[in-house]
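Comments concern the structure below.
The values are calculated or read from the model by the stated rules, or taken from the named source; none is laboratory data. Since the model is a prediction, treat every value here as computed from it, not as a measurement. Please note: Cβ atoms are built from the backbone with ideal geometry, for glycine as well, and neighbour counts cover all protein chains shown.
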Amino acid sequence: MKDFPEVDGWTVVPLSGDLDDYTAQEVRLLLDALVADGATRVVIDLASVPFVDSTGLGVLIAAARRAREDDGAIRLACVGPRVQDVIELSGVSALLRTYPDVAAACA
C-alpha cells in the first residue's frame, strides 16, 4: 500500500478527481485498508476533488464510522465550495468535520 504522510499523528490522504460512483469503490478499499492497518486518525485532503456525489459521501461516512469504532476520526481538509455545498445540503456536516487546510485538520 502507498505510504501517506503523517502530521501530528494524523495520516493525510490526498485524493484527486471526482469522488463518485466510478471511483468510490477504489477509495473505499483504500480507506478500509488504512483503518485495518491501524490508521484511525485520517485527514482526507480534498483540494483536488471538484465533485462528490452521494456514493462518494457514503464512502466517507462509512470510513468515519469505522474509525470512530476504534476511537479515531476522519476529517476533511481543503474542501472546495461545490463539495462543501453537497456536504452541508446532505446533512453530512454533522458527521464529518471540514477544515480549511491540512494543518488545521491535523491540529
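Tabulated results
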| read-out | value |
| --- | --- |
| Residue that is surrounded by the fewest Cβ atoms within 10 Å (Cβ to Cβ), among those in the range 72-107 that are in contact with a helix residue (DSSP H, G or I) (Cβ under 6 Å, 6 or more places away or on another chain), more than 18 Å from Ser54 (Cβ to Cβ) and not aromatic (Phe, Trp, Tyr) | Ala73 |
| Of all residues in the range 60-80 being part of a helix (DSSP H, G or I) and closer than 18 Å to Pro14 by Cβ, the one that is farthest from the chain's Cα centre (by Cα) | Ala67 |
| Yes/no for Val83 being among the hydrophobic types (A, V, I, L, M, F, W, C), assigned to a helix (DSSP H, G or I) and farther than 21 Å from Pro5 by Cβ | yes |
| Odd one out for Phe4, checked against (1) hydrophobic (A, V, I, L, M, F, W, C); (2) surrounded by 19 or more Cβ atoms within 10 Å (Cβ to Cβ); (3) part of a loop (DSSP other than H, G, I, E, B) | (2) |
| Scope the range 86-107; condition without any contact (Cβ under 8 Å) to a residue 24 or more places away in the chain, closer than 25 Å to Ala39 by Cα and part of a helix (DSSP H, G or I); matching residues | Ser93, Ala94 |
| Test for Leu29: is it out of contact with any strand residue (DSSP E or B) (no Cβ under 9 Å at 6 or more places or on another chain), over 26 Å from Asp3 (Cβ atoms) and in a helix (DSSP H, G or I) | no |
| Single condition Tyr22 does not satisfy, out of (1) part of a helix (DSSP H, G or I); (2) modelled with pLDDT of 95 or more | (1) |
